[in-house]
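Some notes on the structure that comes next.
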Amino acid sequence: MRPRRKRKKHWLQRDWRLYLMLLIPIVWYILFCYKPMTGLKIAFQKYNMFNPAKSKWIGLDNFKFVFGMSDFGIALKNTLIMNGLDLPMPIILALLLNEIRVKWFKRVTQTLLYLPHFLSWVIIGGMVLQIFAPTSGVINSTLLRWGWISENIPFLTDGPAWTFTYVLVGVWQS
């Protein structure tokens, strides 16, 4: 029987290519998963962006300040509602697409829905502004021209209209 050291050395010599391949995901995780975590420390500091070395450690004071704000409950409620609406919508859309029986229409619809994956958020934001703008947007202009509405709908500023627009654009983009 060989000594334990020789067996380990034998494995390293025999499988060095596998260990080298394993190095790639390890480096990736370190760079993109663990390295960014060092930036979380600024949540516990009175951060000085001009001289980060002079940032003072203040513990949980930033959290006390945020949780103590009068609008924190509203912001938390809105965040939970928006995220709750975001979760089921792509599934519902996928189920609806699955029910389309006309093949050419299904393919065109899937292509149009998949298009935003190739566009940046800046372009998508510009498109949303052009489509939903209160005075010059395509939807408001069309609805006014057809006589379906008497005044513009503020899709990008009004509460319920904004919720609809946010969910619609989120489903389309993702």
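The values are calculated or read from the model by the stated rules, or taken from the named source; none is laboratory data. Just so it is clear, the structure is predicted and the values come from calculations on it, not from any experiment. Backbone-built Cβ (ideal geometry, glycine too); neighbour counts: all protein chains shown. The accessibility values were calculated without ligands, DNA or RNA, using every heavy atom of the protein model including side chains. Shrake-Rupley method; radii C 1.70, N 1.55, O 1.52, S 1.80 Å.
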**OP:** Considering only segment 67-76, state which residues are surrounded by 11 or more Cβ atoms within 10 Å (Cβ to Cβ) and within 23 Å of the chain's Cα centre (by Cα).
**Re:** Phe72, Ala75, Leu76
**OP:** Report, by residue number, each residue of segment 95-132 that is of a type in the set (A, V, I, L, M) and either surrounded by 11 or more Cβ atoms within 10 Å (Cβ to Cβ) or touching a Phe, Trp or Tyr at 6+ places or on another chain (Cβ under 8 Å) (or both).
**Re:** Leu97, Ile100, Val108, Leu113, Leu115, Leu119, Ile123, Ile124, Met127, Val128, Leu129, Ile131
**OP:** For segment 90-124, name all the residues that are within 18 Å of Phe164 (Cβ to Cβ) and within 15 Å of the chain's Cα centre (by Cα).
**Re:** Pro90, Pro116, Ile124
Subject >> Single unsatisfied condition, Pro88 versus (1) touching a helix residue (DSSP H, G or I) at 6+ places or on another chain (Cβ under 7 Å); (2) open to solvent by less than 60 Å² (accessible area, probe 1.4 Å) >> reply: (1)
Subject >> One residue from Lys35, Lys46 being surrounded by 10 or more Cβ atoms within 10 Å (Cβ to Cβ) and touching a strand residue (DSSP E or B) at 6+ places or on another chain (Cβ under 7 Å) >> reply: Lys46
Original post:
Only one of (1) assigned to a helix (DSSP H, G or I); (2) more than 18 Å from Val167 (Cβ to Cβ); (3) touching a helix residue (DSSP H, G or I) at 6+ places or on another chain (Cβ under 9 Å) fails for Thr142. Which number is that?
Top reply: (3)
Original post:
Could you give every pair whose Cβ atoms fall below 9 Å, whose first residue belongs to segment 84-106 and is over 15 Å from Leu168 (Cβ atoms), and whose second residue is part of a loop (DSSP other than H, G, I, E, B) and open to solvent by less than 60 Å² (accessible area, probe 1.4 Å), counting only separations of at least 6 or pairs across chains?
Top reply: Lys106/Ile100
Original post:
From the list Asp86, Asp61, which residue is closer than 30 Å to Pro160 by Cα and acidic (Asp, Glu)?
Top reply: Asp86
Subject >> Evaluation of Thr79 against (1) under 30 Å from Phe44 (Cβ atoms); (2) surrounded by 11 or more Cβ atoms within 10 Å (Cβ to Cβ); (3) among the hydroxyl-bearing types (Ser, Thr, Tyr) (one fails), failing number >> reply: (2)
